Each structure stands twice: as C-alpha cells, then as structure tokens.
Amino acid sequence: MKEEMEKVFERPRSLKDARFHYCPGCGHSILHRIVAECVDRLGIRERTIAIAPVGCAVYAYDYFDFDVLEIPHGRPPAAATGIKRSLPDRIVISYQGDGDLAAIGMGEIIHAANRGENITVFFVNNGIYGMTGGQMAPTTLSGQWTTTTPRGRDTARAGNPFRMAELLAGLEGSVFIARSSLDSPKNVLATERLFEKALRCQMEGRGFSFVEVLSQCPTDWKLSPEESLKWMATRMREFFPLGVFKDNAANTAPACAEGNKRLRAGEGR
C-alpha cells in the first residue's frame, strides 16, 4: 500500500501575514508570491533589498518580509545602483510598473542596463496607469481604451507602445532579458523560473537582469478577471511576444561583484 502524501500550500517565509489591498484579479498578488518563493528558495532573505514602485504596488513593504525601500517615481534603477555599489553583497530587486519604468523612469532604466549594473529588475506591464485611474501608459496597445484614450490609443498622435524587453536586449550592458505572462498556470510557473534565473545572474555577479511580466488589471481595463486573462493571451501577447530575448550569463565573467568591491574601497577616485 502506497503511503499517502500530504501536499501543503503555505505562505512563503518572505511574505508577511497581511491581507493584500489589490483589486480582485490583479496580478500583483501573484507576483508578490512568486518573488517571495524565489527569495526563500535561494536562501537570500536576510540580504535582499527590494525597491517598491510609485504605483499600485507602492505598499509592497507591507507585504514582503525583507528590507524594502520606497523611491521617487521612476528612480528605482538609480537607487538600486547606489545600494548595490555600496553594499555589493546584497541582492537588490527593483520592482516596477510600466508608468514608473517606461515613462518617467525610461532614462534611468536604459542607463542602468547600458552600464551593466548588477541588479535585477522585475517589470510589471499591464498596459495602463493603474493607481491613478486607468490612463494611457507607454505600453498601452494601439486602439486600446483608457480614460485618456476613450476612442482607443491613436498611434498617429501618441506613438507606438514600447517593447521594453526588446529595447533593453539591444544594449551591450544587459545580460539576461526575458518576458513572461500571468495569463495561465503554465506561464505563471514559467515566470517563477525566469525570476529565479534573473536573481541567480545577480548572485553570480553576471550583471544586469530584467524580466518583463504581462499582468492583468481587470478594474481599469473594465473587464472581468476571466476576460482580462483572454485579453492578455490574445491582444497583449500578440504585440508583446513571450520568451528569452538575451541570455549572456554563461558567457559573462562574474566580474561585477569584484568591481563593486573596488568602488566601495575607493579605488579609481
């Protein structure tokens, strides 16, 4: 007789016992759990420092049970750079939304990637400004309804949506760049694998790692949670294809950590 196996689904140690404030069907809750599970699995909770965005995840410090900083809108990559260079033994995570990263923070993220900073960025792309009422974002799709595009985004006036993963993959300083989605259980599991890979890149001193995640916003999309998943699986994934766009980790010498140690010691001033 086979012994019965008990499956236990429990809260990750890196998540506090707190109720999320997110709307029903929002992807941030799933992503917070994924981040916490990766941090636990890698055994890095005591040396992880995360940066919360100005956006719907602004209260992330209420949920993660490790150090979390709140940084002005668009500036997390600059703050992450300073933290990592001064404390190279820490694991620094920049958790950002599309308005935070691809609008006001576009210059920050491009320069951090181009410098090859040894940080990890998780980019939540729901194609809209969620916290402030559902306005058009840099990643809003052509023709997509928002409160500021009631007839749909007109690319002749507003330009085309930014594909951030492809943009950053073209920079020489970036090491690992990927895009995933939360539209299905299969892709949720794939997202967790990519998050762990990105964190390992930093732990090994390989350089700049970035994972973009297509996430749902039923409230501001004016869709049901089920309809929002279908929207992601069709419209969003059609414009934002999933996959790994760059993976030079195996070919990149782990020199970043040593370089940061020299900076901390004051060499080269």
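Computed quantities for the displayed model
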| read-out | value |
| --- | --- |
| Gained length - residue 114 relative to residue 230, 0.36 nm times residue gap less alpha-carbon distance | 38.3 nm |
| Positive-end residue of 78, 135, 29, charge dipole of the chain with Cβ unit charges | 78 |
| For the chain: rounded, prolate or oblate by the Cα gyration tensor [a/c cutoff 1.5] | oblate |
| Order of 66, 210 - criterion: other Cβ atoms within 10 Å of each residue's Cβ, fewest first | 66, 210 |
| Residue 40-residue 147 pseudo-label distance in nm [points 7 Å out on the Cα-to-Cβ vector] | 3.6 nm |
| For the chain: relative contact order, % (alpha-carbon pairs under 8 angstrom, 6 or more apart) | 18 percent |
| Expected 222 nm ellipticity per residue - DSSP helices of 4 or more, -39500 (n - 2.57), all of the chain, to 500 | -9000 deg cm²/dmol |
| Surrounding net charge for residue 203, when Lys and Arg each add one and Asp and Glu each subtract one, Cβ distance under 11 Å | +2 |
| Label point distance in nm, residue 62-residue 23, each placed 7 Å from Cα along Cα→Cβ | 1.7 nm |
| Mean Kyte hydropathy of 0.0 or more with a Cα span along the axis of at least 20 Å, helices from DSSP in the chain | 28-42 |
| Residues 98, 220, 17, sorted so that the one with the fewest Cβ neighbours within 10 Å comes first | 17, 220, 98 |
| Long-range lysine pairs (8 or more apart or interchain), the chain, Cα under 27 Å | 17 |
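Values in this text are rule-based calculations from the coordinates and carry no lab data. Just so we're clear, the structure is a prediction, and the values are computed from it rather than from any experiment. Heads up, the Cβs are rebuilt from the backbone with ideal geometry, glycines too, and the neighbour counts pull from every protein chain shown.
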